Amino acid sequence: MNEVREIVTKAIVAKGKKYISLSHNITSNKSPYSILGCWVINHEFEANRNEDLIDINGAFEVNIWYSTEENMRTDVIREKVAYKKDIKVKRIVNEYLKNTDDVLVKILKHPTVTNAKIIDGEIKIDVDFEILAEVIGETKMQVTVFTPITIDEDIEDLDIEVNEDFLR
């Protein structure tokens with residue numbers, strides 16, 4: 001005979017993903033002539049739940065290697081860029097205990113500079129990255145439980161099924 005039981009478990013109850021593009025202007029003490037390299041390091045962020053949105057507050061450091069004085073000298077600019085973005089999450093499970101929410105955020109594509117150019121003595125950069133946000137909450141699920149046959153009944157059935165004259 002089988003029975004149906006409810007189990008309380010943690011599961012992903014909402015999910016969302018966002019591709020983020022940022023533009024930022026950086027001013028240098030020296031007049032840049034050409035950009036030799038540009039990269040992003042030290043990406044950090046925090047995530048908080050706000051109804052059907054996940055608020056992301058983050059920052060990363062941009063390092064730009066550039067030439068000055070008509071390619072005669074080089075220098076590096078280091079600047080921290082802060083951002084605030086919201087990720088809309090779609091509810092997967094409707095019934096769950098709302099006071100047990102946890103937010104899990106993963107970086108699917110790390111921040112990279114996709115474009116850097118000099119405009120009127122400033123360096124304009126474009127940075128792209130992608131974030132996945134999941135809300136984990138406690139929910140109930142129903143499972144079917146099959147009652148096991150007792151060991152004594154199994155052994156008695158074996159005596160009936162064994163043919164002792166089989167090897168003769």
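Brief remarks follow.
- For the stretch 28-106, size of Cβ-based charge dipole, Lys and Arg +1, Asp and Glu -1, in debye: 120
- All lysines inside 24 Å of K124 as judged from Cα atoms, apart from same-chain residues fewer than 8 positions distant: K18, K30, K80, K84, K85, K109
- Euclidean distance of C-alpha centroids, the stretch 1-35 and the stretch 89-109, integer Å: 12
- Residue-averaged [θ]222 nm for the chain, counting only DSSP H segments that reach four residues, each worth -39500 (n - 2.57): -2000 deg cm²/dmol
- In this Cβ point-charge picture (+1 for Lys and Arg, -1 for Asp and Glu), the stretch 1-157 has a dipole of about 1120 debye about its Cα centre.
- P32 sits among other residues whose Cβ lies under 14 Å from its own Cβ, and their net charge, with Lys and Arg +1 and Asp and Glu -1, is -2.
- The H on the amide N of Y96, modeled in the peptide plane, is under 5 Å from the matching H of no residue at least 5 residues off or on a different chain.
- Rounded to the nearest whole Hz, the Karplus-based 3J(HN,Hα) values (6.51 cos²θ - 1.76 cosθ + 1.60, θ = phi - 60°) of the stretch 13-19 follow the sequence 9, 8, 8, x, 9, 9, 9, with x at glycine and proline.
- The GluC sites (Glu not before Pro) of the stretch 59-95 meeting both criteria, a DSSP state outside H, G, I, E and B (loop) and at most 12 other C-beta atoms within 10 angstrom of the site's C-beta, are E69, E70, E95.
- The chain: angle of helix 151-161 to the longest principal axis, Cα-based, in degrees nearest 10: 60
- Counting Lys and Arg as +1 and Asp and Glu as -1 over every other residue whose Cβ lies under 15 Å from the Cβ of G137, the net charge comes to 0.
Each reported figure results from applying straightforward, stated rules to the coordinates on display, with no laboratory input. The shown structure was predicted, so the numbers you read here are calculated from the model rather than taken from an experiment. Here Cβ is always computed from backbone atoms with ideal geometry, including for glycine, and neighbour counts include all displayed protein chains.
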